[in-house]
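Engineer: For reference, the structure I am asking about is given below.
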Amino acid sequence: EAGVVQSPRYKIIEKKQPVAFWCNPISGHNTLYWYLQNLGQGPELLIRYENEEAVDDSQLPKDRFSAERLKGVDSTLKIQPAELGDSAVYLCASSTGTGTQDTQYFGPGTRLTVL
Amino acid sequence: QKEVEQDPGPLSVPEGAIVSLNCTYSNSAFQYFMWYRQYSRKGPELLMYTYSSGNKEDGRFTAQVDKSSKYISLFIRDSQPSDSATYLCAMISQGAQKLVFGQGTRLTINP
């Protein structure tokens, strides 16, 4: 069974440019998460989807970040415009959505460098 | 103060040694405790999962939770070079969906 797929794996952009990351969760997983992982830190939740609905986006900087999960499957996270401080790894995870004990399965992440 | 504190290391030990990794936390509502392993350039993968206090063993790995002290540990016996990775503790409250991670401890096992 394929795991969580993310693309691109690496992205280098100049500040003020837009950037988008794509995630395809494990088949059948209703819950999808986007995390931010800074160098030497643990992941921090940006947004959580239950199917198409964003149920927790309290940590998403809405002035420049946006996300969507059309049809409750794939998801896209966008940053516009990017700032130097956005350089980090953006992780996508998915789970079945059946409860607190759900295991979250992580993708390999997209490593963003903003110059 | 962070909800979950973890010594970032780095920690370097010889092959075969027993490794002890630890986290402390401040939120008494946390009920589920996990350890994730993250290899370089990869996403975290779940290693151990414990509910409430107690011990859980899986092969060379043992997870311990002491809720009275708000302290969790992961022990690795007979450590192998392939265990070299960053180990992240994570925890979640009953009924919640938001994992709270520690900073991660970078571990190197030297052959």
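The values are calculated or read from the model by the stated rules, or taken from the named source; none is laboratory data. No experiment lies behind these values; they were computed from the predicted model shown. A quick note on method: Cβ atoms are made from the backbone with ideal geometry, for glycine too, and the neighbour counts reach across all protein chains shown. Ligands, DNA and RNA are excluded from the accessible area calculation, which covers all protein heavy atoms including side chains. Shrake-Rupley method; radii C 1.70, N 1.55, O 1.52, S 1.80 Å.
Engineer: As a test, work out the antiparallel percent of DSSP beta bridges whose residues both lie in the protein assembly as shown, rounded to the nearest 5. Don't skip to the answer; put the middle values down first.
Structural biologist: Values: 72 of 80 bridges.
Taking every DSSP beta bridge within the protein assembly as shown, about 90 percent pair in antiparallel fashion.
Engineer: Also, quick follow-up: Mind scanning A:LYS11/B:LYS42; B:LYS67/B:LYS98; B:LYS42/B:LYS98; A:LYS62/B:LYS98; A:LYS71/B:LYS98; A:LYS71/B:LYS2 and naming the pairs with a C-alpha gap bigger than 26 Å?
Structural biologist: The pairs that break the limit, which is 26 Å between Cα atoms, are A:LYS71/B:LYS2.
Engineer: Do any GluC sites (Glu not before Pro) in the range A:1-52 lie in a DSSP loop with no more than 15 other beta carbon atoms within 10 Å, and if so, which?
Structural biologist: Qualifying residues, ordered by number: A:GLU1, A:GLU14, A:GLU52.
Engineer: Now, a different point. Which value in nm describes the separation of the simple spin-label points at B:SER20 and A:GLN101, placed 7 Å from the Cα toward the beta carbon?
Structural biologist: 3.0 nm
Engineer: How much of the accessible area of chain A, in percent, comes from carbon and sulfur atoms when a 1.4 Å probe is used? Display every interim value, and only then the final one.
Structural biologist: Values: 2730 of 5650 Å².
Carbon-and-sulfur percentage of accessible area, whole number: 48.
Engineer: Additional query: Could you state how much accessible area is buried at the B-A interface, both sides summed, with a 1.4 Å probe, in Å² to the nearest 100?
Structural biologist: 1800 Å²
Engineer: Still on this structure, please answer the following. What does the accessible area per residue of chain A come to in Å², with a 1.4 Å probe and no ligands, DNA or RNA counted?
Structural biologist: 49 Å²
Engineer: Further question on the same structure: So, in nm, how far is label A:LYS16 from label A:ASP63 when the simple model puts each one 7 Å beyond its Cα toward the Cβ?
Structural biologist: Label at A:LYS16, label at A:ASP63, 1.7 nm between them.
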